[in-house]
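The values are calculated or read from the model by the stated rules, or taken from the named source; none is laboratory data. Quick caveat, the model's predicted, so the values are computed rather than measured. In this analysis, Cβ positions are derived from the backbone assuming ideal geometry, glycine residues included, and neighbour counts consider all displayed protein chains.
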Amino acid sequence: MTVRLSRRGFVASASAFIAMPSIVSATGPDQVHFGVLHPNLTTVIHEIAKRTGAYERHNLKVVETLFKSGQTVEGVEQLWRGNLDFYMGGAPEIPRLNSRLIESGSPAPLAVVSGANPGHTSLVLSNKLQPKSIDEILHKPLRIAVSSLSSVHLAFFRGYLLAEKHLTTKDIAWQFVAVRGGDMVPALLTGQIDGFLHSEPTTTLAIINKAGHMFMHAANGDMGPNPPPATLMGSRRDFIKNKNEVGKRFMRAIFDANEAYEKDPSAMAPVIAEWSGQDEKIVRLAEKRMNPVTSLTHAQAQKWWDFIGMAMIERGELSPKLRPFEDVFDLSLQPLGHS
Amino acid sequence: MNSDGLLTEQIPGAGPEAEVLAAAEVGSKLSEYGRLRRQRERRRRFRRGAIGLAVVLCAWQFMAVAYNLQQILPTPLVVAKTVFNALTMHYEQRWLYGPNIYEHLAASFVRAISGFAVAAVFAIPLGLLVGRITAFREYVDPIIRSLYPIPGIAWIPLAILWFGLGNTAVIFVVFIAEFFPLYFNTEAGARSINPILVDAGRCFGATRLTLFRRVILPAAIPYIITGMRIALGGAWRMIVAGEMLASQTGIGSVLMESRFQFRANDLMMAMILISVVGFATEKLIVGTLEKKTTQKWEVKVL
């Protein structure tokens with residue numbers, strides 16, 4: 001028996017064959033390119049989302065790009081260039097990049113869409129220094145390490161000085177020296193620095209190695225009430241506009257991971273240990289000073305702006321033209337009822 | 001016709017003095033011709049260099065504007081303005097890099113020169129010894145050659161560990177980066193001396209010291225100068241890497257911070273200043289040494 005194919009039938013079959021991949025992909029998961037700092041304690045929510053199948057549940061295929069600690073600039077640049085849809089890491093780089101573009105007359109290309117680890121900044125001092133209050137040491141010529149002069153922890157400390165003490169870093173006698181997070185504890189142990197401004201696990205490592213003591217921790221309210229998030233998640237405004245539904249699903253997956261973490265934080269210690277490359281014992285000690293739950297309310301965003309943003313404007317890092325809810329934050333991806 | 005039967009041009013009132021004067025005149029015309037020729041060559045070199053530079057600047061301006069790349073590739077005019085503003089300390093944007101640019105440049109310059117001086121003190125005598133004494137070479141050369149492939153930047157973490165944060169660590173990595181080109185060039189210079197020159201010196205009764213001073217050192221000088229030229233270039237490359245990781249001052253730290261601030265114009269300003277200061281340092285130090293040695297002694301690499 002011979003099967004005769006009409007011209008119309010041939011055209012229809014050929015069109016179906018050509019269209020097949022896009023039909024298949026339309027029903028498959030949506031791809032999201034996510035850049036994260038790794039190994040790092042602050043971005044563990046992504047690993048929890050992976051482990052708990054949160055992305056799959058929301059029909060997402062997340063392609064991760066890992067950035068080492070200190071590479072947030074690279075991550076934000078990749079986000080800006082369109083190679084990533086989301087980036088999670090340090091914080092001040094996104095407003096900084098938007099500020100440069102606004103200064104040149106272009107619209108802000110990026111937006112902060114979520115955040116984590118409120119008050120993750122610690123001021124650790126050498127054991128030789130045991131002041132009763134910070135006022136005792138502000139005018140001593142201390143060498144305080146920060147991961148860079150643009151670090152989020154220094155930005156946070158500047159915010160604290162400005163909001164609580166009405167001072168800038170120029171008014172105090174401290175010298176801020178750039179030391180990578182991993183080198184801070186050895187530098188403190190060998191007396192090369194008098195303290196550091198950083199987050200976990202550096203604080204815990206300094207304490208258990210008896211290199212120093214935690215003098216201030218922002219989450220405890222030592223640097224003002226209701227500290228803003230230290231880790232921010234950013235996205236591109238064109239992605240938020242064009243793929244809003246995908247973005248919302250991604251954020252819901254992150255919220256699922258939040259729930260999984262909040263249900264039993266201590267059960268997540270092995271996951272955090274593996275993701276951060278730290279010993280589980282250290283993670284368990286550090287856990288009390290971290291909160292990887294990733295979300296952002298309007299009030300938190302406003303706090304970030306009033307505390308860190310204003311200090312960055314005061315220093316000249318951000319343009320005064322920058323408007324917080326038009327040029328920096330976009331909370332439209334946050335699940336309804338959250339923001 | 002003279003006594004040899006050759007026709008000679010008779011100059012009125014000619015005598016030996018007139019011939020000398022004529023020769024002097026020819027000589028002066030020749031030297032004038034040479035001067036003019038050198039001047040023309042200089043002008044030609046300048047013209048060609050200026051044309052090359054103008055082409056690069058035009059292409060740069062075109063790329064930045066046509067492809068709307070000003071955020072990552074500021075135009076030459078913007079960069080020139082940023083350099084001018086930094087040098088006059090009249091900033092349009094807030095200066096976020098601590099001390100003014102002169103203090104940063106001075107800090108980098110001191111580190112580069114210190115590293116260079118220490119490297120020269122060690123590498124040149126060692127290179128001369130290794131190049132001239134076979135037994136010494138057999139002991140020392142394998143060690144140095146095995147250290148050579150380690151990139152300068154790989155020494156930075158160790159330098160921080162050994163010397164802590166600050167000047168010494170940066171000077172150490174600069175020293176490491178400068179040592180090898182100086183050593184290898186000096187050693188090659190010392191090895192390539194024509195043995196006839198050394199034997200001739202010995203025949204004339206030259207002592208070891210005289211031989212070293214009058215034969216070996218002048219013959220090795222072109223190689224040493226080349227080594228210095230390469231080493232100083234390497235010093236500026238390494239100083240930027242060192243200052244990015246282990247220092248709060250210096251042009252490398254300005255470069256790093258401007259990247260954190262996404263200020264491409266400041267980044268390029270720092271790069272241009274490194275290039276200018278590096279070029280000037282090379283001209284000042286190596287150029288002066290070259291004039292005082294190679295050109296004075298008229299030694300050339302054959």
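The helices (runs of 4 or more DSSP H) found entirely in the range A:237-339 that carry 1 or more residues being of a type outside the set (Asp, Glu) and within 14 Å of chain B (Cβ to nearest Cβ) are A:310-315. I'd like to know if the range B:281-289 contains one or more residues that are at pLDDT below 90 and surrounded by 19 or more Cβ atoms within 10 Å (Cβ to Cβ). Yes: one or more hits. Among residues of the range A:147-167 being among the hydroxyl-bearing types (Ser, Thr, Tyr) and out of contact with any Lys or Arg (no Cβ under 7 Å at 6 or more places or on another chain), the one that is farthest from B:Ser247 (Cα to Cα) is A:Tyr160. Of the strands (runs of 3 or more DSSP E) lying entirely inside the range A:102-221, the ones with 2 or more residues being more than 30 Å from A:Met233 (Cβ to Cβ) are found at A:122-126, A:212-217. Of all the numbered requirements in (1) in contact (Cβ under 8 Å) with a residue 24 or more places away in the chain; (2) on the phi < 0 side of the Ramachandran plot, A:Gly191 misses one, and that requirement is (2).
Being within 14 Å of chain A (Cβ to nearest Cβ) and among the polar types (S, T, N, Q), is that true of even one residue in the range B:259-273? Within the range B:259-273, one or more residues are within 14 Å of chain A (Cβ to nearest Cβ) and among the polar types (S, T, N, Q). Counting only residues that are outside any loop (DSSP other than H, G, I, E, B) and without any contact (Cβ under 8 Å) to a residue 12 or more places away in the chain, the range B:82-101 holds 3 of them. Please work out if B:Ala119 is in the same structural domain as B:Glu282 (by TED's automatic domain parsing), of a type in the set (A, V, I, L, M), at pLDDT 95 or above and touching a Gly at 6+ places or on another chain (Cβ under 8 Å). Against the criterion (in the same structural domain as B:Glu282 (by TED's automatic domain parsing), of a type in the set (A, V, I, L, M), at pLDDT 95 or above and touching a Gly at 6+ places or on another chain (Cβ under 8 Å)), B:Ala119 does not qualify. Would you say A:Arg236 is over 25 Å from B:Leu245 (Cα atoms) and not polar (S, T, N, Q)? Against the criterion (over 25 Å from B:Leu245 (Cα atoms) and not polar (S, T, N, Q)), A:Arg236 qualifies. Among the residues of the range A:180-208, those that are among the polar types (S, T, N, Q) and closer than 15 Å to A:Lys288 by Cα comprise A:Ser199, A:Thr202, A:Thr203, A:Thr204. Tallying residues that are more than 9 Å from chain B (Cβ to nearest Cβ) and within 12 Å of the chain's Cα centre (by Cα) within the range A:72-91 yields 7.
The condition of being of a type in the set (Asp, Glu), within 14 Å of chain A (Cβ to nearest Cβ) and within 23 Å of B:Ile113 (Cα to Cα) holds for only one of B:Glu243, B:Glu290, that being B:Glu243. Check whether at least one residue in the range A:180-188 is closer than 24 Å to A:Glu93 by Cβ, among the small types (Gly, Ala, Ser), at the interface with another protein chain (Cβ under 10 Å from one of its Cβ atoms) and surrounded by fewer than 24 Cβ atoms within 10 Å (Cβ to Cβ), and report yes or no. Checking the range A:180-188: at least one residue is closer than 24 Å to A:Glu93 by Cβ, among the small types (Gly, Ala, Ser), at the interface with another protein chain (Cβ under 10 Å from one of its Cβ atoms) and surrounded by fewer than 24 Cβ atoms within 10 Å (Cβ to Cβ). Filtered by the rule that a residue be within 14 Å of chain B (Cβ to nearest Cβ) and crowded, with 24+ Cβ neighbours inside 10 Å, the range A:100-125 gives a lone residue, A:Leu110.
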